[in-house]
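Encoded as structure tokens, the structure appears first; notes follow it.
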Amino acid sequence: MRYNFAELFAGIAAEMPDRECIVFRDRRLRYGDIAGRVNRLANLLLSRDITIYRPRADLQPWESGQDHVALYLHNGNEYVEGMLGASTARAASFNVNYRYVEAELAYLLDDASARAIVYHARFAPTLGAVLGSLREPPTLLLQVADESGNALLPGALDYEDALAASSAKPPHLTLDADDLYVVYTGGTTGMPKGTLWTQGDILESAMPAFLPEGLFDAPSLADGVAKIVAGERRVFMPLPPLMHAAAQWLAMSGFLSGGTIVFPDVVDRLDPVSVWQRIDGEGVQFINLVGNAFATPMCDALESGGFDGGSLQFVGVGGAVTSASVKNRILKLLPHVIVGDVAGSSESGSQLTNMSTSQTPVTSGVFTAATGTCVVDEGRTRLLDPGDTDAGWLARHSLIPLGYLGDRDKTERTFPTVSGWRMVLPGDRARHLADGTIELLGRDSVTINSGGEKIFAEEVEAALADHPAIKDIIVVGRPSDRWGQEVVAIVELAAGRNATDTELLAHAGKSLARYKLPKAILRIETLLRGPNGKADYGWARKIAAEGVAA
């Protein structure tokens, strides 16, 4: 059975309308409440002819036959409603990075040809500045009120007023598992690219671990819903912004498994105290963090006292280096949890896992592969066998995206056919170890070529991150007359700690070859990371090039 997630959600809501679906600040919305709001949004979109216009079978992998709905929002119930409402209307929502400045926002909205934009009022000034420059002005603007108090943009509708005026009855549409799920890349991958998934494939690729066993073997939608309804209620808290895929996938795991999604009260930054209050108050069982940047302040707050964390069962980490020492710290504070280091990308789903418990030795950098995961050689012509010492490209076949929106060239380069399989190669380097596990080396776009040797930034970061004096670290390359590029580590020290370059290099030298060690270590007061916890490598390269702690 392959599922359309709006159809699956509607089936769950019909069977248990009174179960809590979303808890956010003072809102406690049941499945029935969310289903009604989703239908209201879908009917509003349909009233503006925002829907599907070409079937999937008539399209190339890089083409979309559905209208696109931009979600320019902080975390909250409106984000979930936007995803489900668009899908119910057979349109496709997509994520907007709310950190974008005007030029970046205009590029993204043009690239996606956004027909509708759902946005928080605090973003109205930036959005208003670019609307007049867009190639195709959106048909519908929905402004979600927030603490900013910003007035409606010209032509915009208040989100709650517009939903109240729309019908709560389900639209008469036949939904399809091949309807699109669109997620835009960002960060280290260059200009944002709209990754086109079918809904049926993203559910099975990105979140099978959180969905009921046998769900995809069910003979019908009704049988699948019955499996979900028969399960116990679980409580999920996605901590990164939903504008990033990993957070969306945890949230989707919640509302597509009959669970409850809890959002922290503070949405514009990580506020560990607010998070722990909600975890204890709502009995949260599943959370996800982004590397040491999220895990360290969460551990600091828990150690300060006043919180329990006893309800937690699973702490997911990923998206950035999570050192073995930080995993051990989590397990020391919460010995009953499983720490799941999950690696993947917008193009590959949840691809690699490394599970740690307080009873097993903690490791980092080596993962168990999901179905279809493999390593392709440097020339992208063959699969590397387990035990091959060459570094290759991390790849996956089966349950992968269709391609990149509007970009045939990038689609064909990123999704080649190798050894008879259509693959996705999102840009990460890896080794296939003899025991079948995968050693993840890092993203090729941040690889440093020093003296003809390829050095993976994340490998150097991991070697230094375990030093007790280092709170956070980003490693980049900078131009060098001698080496072409040289390795530079930019570090934020832990409060009250210090370490000399000699001490740091000696620590890293325990696990790194000498040629990989940093040629310079720059100390900085605060490292710059995105709201999802990922490193800002562009900023770091500038700091490294200047050679000063700016």
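Short-range pairs are left out: with C-alpha atoms under 8 Å and at least six residues apart, the relative contact order of the chain is 11 percent. Kirkwood analysis of region 5-230, using all unique Cα-Cα pairs, places the hydrodynamic radius at 18.2 Å. Each label point was placed 7 Å from the Cα along the Cα-to-Cβ direction; for Asp390 and Thr139 their separation is 5.1 nm.
As a calculated quantity, the FRET efficiency between Asp18 and Asp178 at R0 = 41 Å, using C-beta atoms, amounts to about 0.80.
By the Stokes-Einstein formula, at 0.692 mPa s and 37 °C, the chain with its Kirkwood radius over alpha-carbon pairs has D equal to 136 µm²/s.
Projecting the Cα atoms of Phe456, His507, Tyr537 onto the charge dipole of region 451-550 (Cβ charges, centred on the Cα centre) puts Phe456 farthest toward the positive pole. Only aspartates and glutamates eight or more places from Lys542 in sequence, or on another chain, were considered; those with a Cα closer than 17 Å are Glu486, Glu492, Glu525.
A full extension of the chain between Asn328 and Ser445 corresponds to an added length of 39.2 nm, given 0.36 nm per residue minus the alpha carbon distance.
Within region 497-536, name every residue whose backbone N is under 16 Å away from a label modeled 7 Å from Cα of Glu546 along the Cβ vector. Backbone N within reach: 522-529, 536. Phi angles across region 405-410 convert, under the Karplus curve 6.51 cos²θ - 1.76 cosθ + 1.60 with θ = phi - 60°, into 3J(HN,Hα) values of 4, x, 10, 5, 4, 5 Hz, Gly and Pro given as x. The calculated 222 nm mean residue ellipticity attributable to helices in the chain amounts to -8500 deg cm²/dmol, summing -39500 (n - 2.57) over DSSP H runs of n ≥ 4 and dividing by all residues. Applied to region 67-72, the Karplus parametrisation 6.51 cos²θ - 1.76 cosθ + 1.60 on θ = phi - 60° returns per-residue 3J(HN,Hα) values of 6, 10, 10, 7, 10, 10 Hz, with x for Gly and Pro. Within a straight-line Cα-Cα reach of under 12 Å, Lys332 can be paired with the following aspartates and glutamates, leaving aside sequence neighbours fewer than 8 residues apart in one chain: Glu303.
Sparsely packed loop sites in region 244-348 (the trypsin sites (Lys or Arg not before Pro) outside DSSP H, G, I, E and B with at most 16 other Cβ atoms within 10 Å) comprise Arg269. Sorted fewest first by neighbouring Cβ atoms within 10 angstrom, Glu486, Glu439 come out as Glu439, Glu486. Sorted fewest first by neighbouring Cβ atoms within 10 angstrom, Lys471, Lys410 come out as Lys410, Lys471.
Rounded to the nearest 0.05, what FRET efficiency do Asn150 and Asp271 give with R0 = 30 Å and r taken as the Cβ-Cβ distance? Could you check? Taking R0 as 30 Å, the efficiency between Asn150 and Asp271 is 0.85. Scaling the Cα radius of gyration of region 251-442 by the globular reference 2.2 N^0.38 Å produces a ratio of 1.16. Counting neighbouring beta carbons within 10 Å and listing from fewest to most, the residues His336, His244 come out as His336, His244.
Beta bridges assigned by DSSP with both partners in region 251-442 are antiparallel in approximately 75 percent of cases. Only Cα pairs under 8 Å and 6+ residues apart enter the sum, and on that basis the relative contact order of region 336-493 stands at 16 percent. Expressed to the nearest 5 percent, the antiparallel share of DSSP beta bridges inside region 268-373 is 55 percent. Using only the Cα atoms of region 451-546, build the gyration tensor, take square roots of its eigenvalues as a ≥ b ≥ c, and label the shape rounded, prolate or oblate: rounded if a/c is under 1.5, else prolate if a/b is larger than b/c, else oblate. Judged from the Cα gyration tensor, region 451-546 comes out oblate (a/c at least 1.5, b/c at or above a/b). Under a model in which nothing but the beta-carbon of Lys, Arg (+1) and Asp, Glu (-1) is charged, region 251-442 shows a dipole of about 300 debye around its Cα centre.
For the set Lys169/Lys193; Lys169/Lys227; Lys454/Lys510; Lys193/Lys534, the pairs lying more than 27 angstrom apart at their alpha carbons are Lys169/Lys193. Contact order, relative form, for region 185-254: 24 percent (alpha carbon pairs under 8 Å, 6 or more residues apart, mean separation divided by residue count).
Expressed to the nearest 5 percent, the antiparallel share of DSSP beta bridges inside the chain is 60 percent.
FYI, it's all coordinate maths here, none of it is from the lab. Quantities reported herein were computed from a predicted structural model and do not represent experimental measurements. Counting neighbours? That spans all protein chains shown, and the Cβs are built from the backbone with ideal geometry, glycine included.
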